[in-house]
């Protein structure tokens, strides 16, 4: 008798919203880090907040969330994402590791606090500090985002997070 076992690759889901392009620049850096050629056994999926469903989140092994800061809060698109996935994911994604990157016009604390409150309700685990790009978008926050993507992806692939 032969027994075949199919091992599923882990999936990193990156959910974002960008209206003016600032968060998109951060996203591009996150994706560049997460798709480093040294990380070979991980599926990286990138989706807008509006197109992401509860099924997408339930299939993910880790989640990175990107948003601009709008009026001291997360974007309406990311809030809509949370509104749609909260109850369908509540009992199915406990312990999900997540990270955050924010393009902030102010200090980003309001957006981060709102995300953290919802993630706490979902019982998700923040595994790396949030990257908040304040003021002028320079190479420093882009490098931080690349490092966030690479570190998160490598840790997820290795089973550390």
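Only the coordinates and a few stated rules stand behind these numbers; no lab work does. None of these values were measured; they are calculated from a predicted model. Methodologically, a virtual Cβ is constructed for each residue, glycine included, from the backbone with ideal geometry; neighbour enumeration extends over all protein chains shown.
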Legend entry - One residue from 114, 153 being farther than 22 Å from residue 42 by Cα and part of a helix (DSSP H, G or I): 114
Inset, instruction - Please give the number of the condition residue 94 fails out of (1) in contact with a strand residue (DSSP E or B) (Cβ under 6 Å, 6 or more places away or on another chain); (2) closer than 19 Å to residue 127 by Cβ. - result: (1)
Legend entry - All positions within the stretch 86-95 that are surrounded by fewer than 14 Cβ atoms within 10 Å (Cβ to Cβ), in a loop (DSSP other than H, G, I, E, B) and in contact with a helix residue (DSSP H, G or I) (Cβ under 7 Å, 6 or more places away or on another chain): 92
Legend entry - Pick from the stretch 17-36, criterion touching a residue at least 60 places away in the same chain (Cβ under 8 Å), outside any helix (DSSP H, G or I) and touching a strand residue (DSSP E or B) at 6+ places or on another chain (Cβ under 9 Å), ranking: surrounded by the most Cβ atoms within 10 Å (Cβ to Cβ): 17
Inset, instruction - Could you please let me know if residue 148 is in contact (Cβ under 8 Å) with a residue 40 or more places away in the chain, part of a helix (DSSP H, G or I) and out of contact with any helix residue (DSSP H, G or I) (no Cβ under 8 Å at 6 or more places or on another chain)? - result: no
Inset, instruction - Could you list all residues from the stretch 133-145 that are surrounded by 20 or more Cβ atoms within 10 Å (Cβ to Cβ) and either outside any helix (DSSP H, G or I) or free of Cβ contacts under 8 Å to residues at least 12 places away in the same chain (or both)? - result: 133
Inset, instruction - Could you look through the stretch 103-126, keep only residues that are under 15 Å from the mean Cα position of the chain (by Cα) and touching a residue at least 40 places away in the same chain (Cβ under 8 Å), and pick out the one that is surrounded by the fewest Cβ atoms within 10 Å (Cβ to Cβ)? - result: 114
Legend entry - Residue match in the stretch 62-85 (condition: in contact with a helix residue (DSSP H, G or I) (Cβ under 6 Å, 6 or more places away or on another chain), under 23 Å from residue 155 (Cα atoms) and in a helix (DSSP H, G or I)): no
Legend entry - Qualifying residues in the stretch 70-85 (those that are in contact with a strand residue (DSSP E or B) (Cβ under 6 Å, 6 or more places away or on another chain) and without any contact (Cβ under 8 Å) to a residue 60 or more places away in the chain) - the one surrounded by the fewest Cβ atoms within 10 Å (Cβ to Cβ): 75
